[in-house]
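The values are calculated or read from the model by the stated rules, or taken from the named source; none is laboratory data. Every value quoted in this text rests on a predicted model; they were computed, and no experiment measured them. Because the Cβ atoms are built from the backbone with ideal geometry, glycine has one as well, and the counts that use them run over all protein chains shown.
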Amino acid sequence: MIRFEGVSFRYQGSDNGIFDIDLTVAAGECVVLCGTSGCGKTTVTRMVSALIPSFYHGKKEGRVLVRDSDVEGLRSWEVGSLVGSVFQDPKSQFFSTELTGEVAFACENRGMDRLEIRQRTDGALDMMGLEALRSRAVDTLSSGEQQRVAIASVYALAPTVLVFDEPTANMDATGMAQLRKTVLELKRRGLTLLVAEHRIAWLDGIADRYLYLRAGRICRQFSPSEMRALPDVERRRMGLRSAILVPQPHLLAPHGTRLAIQCRGLVCRRGKTQVWRGLDLSFFTHRITAIMGPNGVGKTTLGLVLSGLLRQREGEVIVSGRRLRPARRRRELWFCVNNTGAQFFTNSVSDELLMSMRERSEKNIGRARDILRRMELYQYRDAHPACLSGGQRQRLAIACALLSDRNILVLDEPTSGLDAANMRIIATELKTAAAGGRCVLVITHDTELVAECCDSAISLE
């Protein structure tokens with residue numbers, strides 16, 4: 001169904017890419033691409049969907065075939081009929097502001113009749129557990145809910161091949177369970193699945209093979225039993241996440257620390273939707289607090305309100321004993337957004353770091369250099385942030401937060417798209433920040449990260 005014949009691709013102006021890939025994915029097979037951030041997983045998925053070389057320039061060799069057709073020679077609508085692609089950032093593939101309209105959009109573009117569009121849309125919404133949200137605007141949904149919408153919109157087209165790039169990056173446990181159920185059903189129906197994923201545990205019992213990539217090459221292949229039996233020491237060395245689900249740890253609320261930020265009676269709306277009412281919370285210095293809960297419950301909204309990027313309808317936010325208006329909170333707290341593409345403003349990694357600090361002194365230049373090394377980004381110091389992989393951009397965004405002068409850091413899904421090794425690097429940096437007296441809030445579904453570094457956790461319901 002999918003065949004790579006001697007495929008290599010090097011991005012223009014970069015040494016990154018994939019090299020000498022020979023791969024066959026049989027009809028009805030589920031193959032998982034795994035490996036550290038920047039190893040080439042996303043590049044492989046882009047080649048199947050013909051995004052390379054159409055939208056990403058560089059030097060290509062070899063052929064990628066889907067159902068014996070070279071995808072490079074197909075028109076875009078022909079590729080879309082064969083391959084459905086779901087990107088890590090769902091916003092990048094949305095065309096409509098309304099949920100139902102988004103799921104129906106591609107079907108309408110195909111010229112399907114109204115009845116068929118309605119049937120396909122309803123089926124896709126039901127498959128992804130979105131029926132209760134069908135009247136919502138897309139921009140009012142959580143990132144995990146948006147990901148489910150993106151999957152539903154692709155599913156509605158009934159392609160024979162589905163390509164997923166980190167589909168669970170921002171999903172809660174319920175969303176992952178729903179996706180697992182959906183993917184199992186898709187496999188049962190005979191679809192061919194290619195999944196680039198770090199959080200591989202949900203694929204246990206679905207995947208037929210795991211391909212481990214390193215530096216753009218397929219280095220090892222694992223059967224499901226071999227992946228489950230991989231020793232923890234070897235798994236850590238390879239930068240792989242756990243192959244079994246890690247339960248949410250039970251953490252105690254902190255005692256004996258200084259109150260950093262307090263919420264009293266917060267009420268917030270997004271559009272016509274009330275997110276939460278009468279919210280009372282406290283967060284402390286020297287602590288890393290996980291903010292958890294299902295998709296759509298208001299975790300990101302809470303982060304935006306605390307950081308002054310969204311105004312609450314009622315209530316107050318007290319920072320270090322002072323009642324601060326949103327404009328002042330924006331100067332006191334650092335909010336690291338989930339969509340890192342919206343956070344960078346300069347033409348190089350080094351300049352981006354220096355911009356997060358108040359002055360370009362020799363001391364700060366040295367701090368920037370040190371954190372680039374710790375984040376394994378030093379070799380990209382002169383590169384444009386847009387040239388980095390998703391995981392590399394995530395680490396850069398966190399590095400900017402850590403180098404800022406803010407004592408309260410709010411990080412929205414900081415390990416989205418990160419492999420195990422880089423997740424632990426982030427965990428170590430956050431523990432160092434908390435030990436230095438900072439208050440660190442982590443909005444996350446990543447139970448491995450919570451177990452690795454968080455001191456306490458709250459769950460929004």
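All conditions but one from (1) under 22 Å from residue 283 (Cα atoms); (2) out of contact with any Phe, Trp or Tyr (no Cβ under 8 Å at 6 or more places or on another chain) apply to residue 401; the one that does not is (2). Which members of segment 11-37 meet the condition of being polar (S, T, N, Q) and at pLDDT below 95? Across segment 11-37, the qualifying residues are 12, 14, 16, 36, 37. When residue 11 is tested against the conditions (1) in contact with a His (Cβ under 8 Å, 6 or more places away or on another chain); (2) over 26 Å from residue 416 (Cα atoms), the lone failure is (2). Determine whether segment 323-335 contains at least one residue that is free of Cβ contacts under 8 Å to residues at least 60 places away in the same chain, in the same structural domain as residue 291 (by TED's automatic domain parsing) and in a strand (DSSP E or B). Checking segment 323-335: at least one residue is free of Cβ contacts under 8 Å to residues at least 60 places away in the same chain, in the same structural domain as residue 291 (by TED's automatic domain parsing) and in a strand (DSSP E or B). Any residue at all in segment 138-159 that is surrounded by fewer than 19 Cβ atoms within 10 Å (Cβ to Cβ), among the small types (Gly, Ala, Ser), under 26 Å from residue 198 (Cβ atoms) and outside the structural domain of residue 338 (by TED's automatic domain parsing)? No, segment 138-159 contains no residue that is surrounded by fewer than 19 Cβ atoms within 10 Å (Cβ to Cβ), among the small types (Gly, Ala, Ser), under 26 Å from residue 198 (Cβ atoms) and outside the structural domain of residue 338 (by TED's automatic domain parsing).
Which condition number does residue 53 fail, the rest of (1) within 25 Å of the chain's Cα centre (by Cα); (2) touching a residue at least 60 places away in the same chain (Cβ under 8 Å) being met? In the conditions (1) within 25 Å of the chain's Cα centre (by Cα); (2) touching a residue at least 60 places away in the same chain (Cβ under 8 Å), residue 53 misses (2) alone.
Residues in segment 171-230 that are closer than 21 Å to residue 67 by Cα and of a type in the set (Val, Ile, Thr): 183, 192, 195.
Whether any residue in segment 339-350 is farther than 30 Å from residue 275 by Cβ, in a helix (DSSP H, G or I) and either in contact (Cβ under 8 Å) with a residue 60 or more places away in the chain or assigned by TED's automatic domain parsing to the domain that holds residue 396 (or both) is what I want to check. Within segment 339-350, one or more residues are farther than 30 Å from residue 275 by Cβ, in a helix (DSSP H, G or I) and either in contact (Cβ under 8 Å) with a residue 60 or more places away in the chain or assigned by TED's automatic domain parsing to the domain that holds residue 396 (or both). Consider segment 94-124 and keep the residues that are within 28 Å of the chain's Cα centre (by Cα) and aliphatic (A, V, I, L, M). The one that is nearest to residue 83 (Cα to Cα) is 106. Residues of segment 268-286 that are surrounded by 17 or more Cβ atoms within 10 Å (Cβ to Cβ), touching a helix residue (DSSP H, G or I) at 6+ places or on another chain (Cβ under 7 Å) and at pLDDT below 90: 268, 270, 275. Within segment 367-386, identify whether any single residue is surrounded by fewer than 19 Cβ atoms within 10 Å (Cβ to Cβ), modelled with pLDDT of 90 or more, over 19 Å from residue 285 (Cβ atoms) and polar (S, T, N, Q), and answer yes or no. Looking for residues that are surrounded by fewer than 19 Cβ atoms within 10 Å (Cβ to Cβ), modelled with pLDDT of 90 or more, over 19 Å from residue 285 (Cβ atoms) and polar (S, T, N, Q), one finds at least one in segment 367-386, hence yes. So is residue 49 crowded, with 23+ Cβ neighbours inside 10 Å, under 21 Å from residue 164 (Cβ atoms) and of a type in the set (Ser, Thr, Tyr) or not? For residue 49, the condition - crowded, with 23+ Cβ neighbours inside 10 Å, under 21 Å from residue 164 (Cβ atoms) and of a type in the set (Ser, Thr, Tyr) - is met.
Count of segment 1-47 residues, restricted to those that are in a loop (DSSP other than H, G, I, E, B), closer than 16 Å to residue 207 by Cβ and under 24 Å from the mean Cα position of the chain (by Cα), is 1.
On the stretch given as segment 322-359, residues that are of a type in the set (D, E, K, R) and surrounded by 12 or more Cβ atoms within 10 Å (Cβ to Cβ) total 6.
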